[in-house]
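Step one of this worksheet: look at the structure below.
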Amino acid sequence: MDPVTDGESRSRRSFVRARAALVAGAVGLLLAVGGCGASGDASDSGAKAADGKAAPREGFADEAGAAASAAPEEQADGKGAGRKAAPKPGGTHVIRTATLSVEVKSVPKAVAAARGAAEGAGGLVASENTERLDDTYETSHLVLRVPQERFQEVLRELSGSGKLLSRTSDAKDVTDQVVDVDSRISTQRASVARVRELMDKAEKISDVVALEGELSSRQADLESLLAQQASLKDRTSLATITLDLTPPDAPDDDGEKEDDPEFLEALGGGWDAFVTVLRWIAVAFGAAFPFLVTAAVAVLVWRVLRGRGAARGAASAVTAPAAGKDDGASES
């Protein structure tokens, strides 16, 4: 091989290698620069996103603070009275009622047992009404108040005291109503306190009078809410059981004897009918009495006038013959 040609081929190979190394270095540099730029953009976008998130959080905090500061004012002024607060976890509030009708052999003993069951469970007898049918039989109507946790126990005990004729029970959930009343009481108390503060700061008599009227109105609303709260507390803490106790049916012989009328009862009924007839006769006579008196007077006057007419006719008849005799004597 020619030395000149061999040298040229070597120089070309060296140039190609150098060019390839230069291109590889340039590509690597471009890749490095692009990676740095991407990381920088990513860091910038992350920073911007962080700033963007931080800004709304600060604004929300400001708004929440403003709302928190404004909420007591709205409650104090009575503007937030209509808004319900979020229910607080405190369990459910249920009003339980039941009605029982039981047939027992001895009503007095059953009444004593029912009273003992209610008082033994920590309750009370709200009302009791006993009615005697005759010398042997009587019925009783009781209203018992027992704690909620002993309600089913007392109900089973009363149901087993005799022959169960009927039984009904009812449960009404009033949790929302209890929470609503509690929330309104808190709001109304804050409102009353706010009005009192304004009264302390008032200087004009007109302002004091106006605030006193407003205070009286809000205090009345607060007392009404407190009464509702007490009623709900009483009905949800104590269940109500209405118990009717009746004796067994009376024997057939006694029933037949009761159906047969007695002599004294018949006599009393006849006497009442007789007195009623006499009373109506007296009323009718009293109504016709003026007309009877007028008719009697008219008849009496008619008879007097008729008697006078007859007397005058007889007198004229007697005087007429006497006059005829006198005329005949004079002619002769």
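Could you tell me what a quarter of the Cα convex hull surface of the range 118-229 works out to, in nm² with one decimal place?
Values: hull surface 49.0 nm².
Here the figure is 12.2 nm², rounded to one decimal.
What FRET efficiency comes out for the pair Ser231/Asp135, r = Cβ-Cβ distance, R0 = 35 Å, nearest 0.05?
Numbers: r = 42 Å, r/R0 = 1.21.
Here the calculated transfer efficiency is 0.25.
Just subtract the alpha-carbon distance of Ala220 and Phe285 from 0.36 nm times their residue separation and send over the number in nm, one decimal.
Computed gain between Ala220 and Phe285 is 16.9 nm.
Determine how large the accessible area of Trp302 is when every protein chain is in place; take a 1.4 Å probe and give Å² rounded to the nearest 10.
140 Å²
Starting from 0.36 nm per residue, how many nanometres of slack lie between Val299 and Ile185 once their C-alpha separation is accounted for?
32.0 nm
Find, to one decimal place in angstroms, the Kirkwood hydrodynamic radius of the range 156-307, where the mean of 1/r is taken over every pair of different Cα atoms and then inverted. Write down the numbers at each step before the final one.
Numbers: mean 1/r = 0.0387 Å⁻¹.
Taking the inverse mean of 1/r over all distinct Cα pairs, the range 156-307 comes out at 25.8 Å.
³J(HN,Hα) across the range 157-169 via Karplus (A = 6.51, B = -1.76, C = 1.60, θ = phi - 60°), whole Hz, x for Gly/Pro?
5, 5, 5, x, 7, x, 7, 6, 8, 7, 8, 9, 9
Order of 161-167, 149-155, 126-132 by packing, highest average Cβ count within 10 Å first?
149-155, 161-167, 126-132
Could you go through the range 205-216 in sequence order and give the Karplus-derived ³J(HN,Hα) for each residue, using 6.51 cos²θ - 1.76 cosθ + 1.60 with θ = phi - 60°, rounded to whole Hz, and x for Gly and Pro?
Running phi through 6.51 cos²θ - 1.76 cosθ + 1.60 with θ = phi - 60° gives 5, 4, 5, 5, 5, 5, 5, 5, x, 5, 5, 4 Hz.
Against the empirical 2.2 N^0.38 Å scaling, what ratio does the C-alpha Rg of the range 141-196 come to?
Rounded to two decimals, the normalised Rg is 1.95.
With label points built 7 Å along Cα→Cβ from the Cα atoms of Thr242 and Ala171, find their separation and express it in nm.
About 2.1 nm, to one decimal.
List the residues whose amide H sits under 5 Å from the amide H of Ala239, counting only those 5 or more places along or on another chain, with H placed 1.01 Å from N in the peptide plane.
Val146, Gln148
Over what distance in Å are the Cα centres of the range 149-200 and the range 276-297 separated?
Measuring centre to centre over Cα atoms gives 69 Å.
Taking θ as phi - 60°, what are the ³J(HN,Hα) couplings along the range 129-135 by the Karplus curve (6.51, -1.76, 1.60), each to the nearest whole Hz, with x for Gly and Pro?
3J(HN,Hα) across the range 129-135, in whole Hz: 9, 10, 10, 8, 7, 7, 5.
Would you mind computing the Rg to Rh ratio of the range 119-163 from its alpha-carbon coordinates, Kirkwood style for Rh?
1.07
The values are calculated or read from the model by the stated rules, or taken from the named source; none is laboratory data. Values in this document were obtained by computation on a predicted structure and should not be read as measured data. Here Cβ is always computed from backbone atoms with ideal geometry, including for glycine, and neighbour counts include all displayed protein chains. Surface accessibility is based on the protein's heavy atoms, side chains included, excluding ligands, DNA and RNA. Shrake-Rupley method; radii C 1.70, N 1.55, O 1.52, S 1.80 Å.
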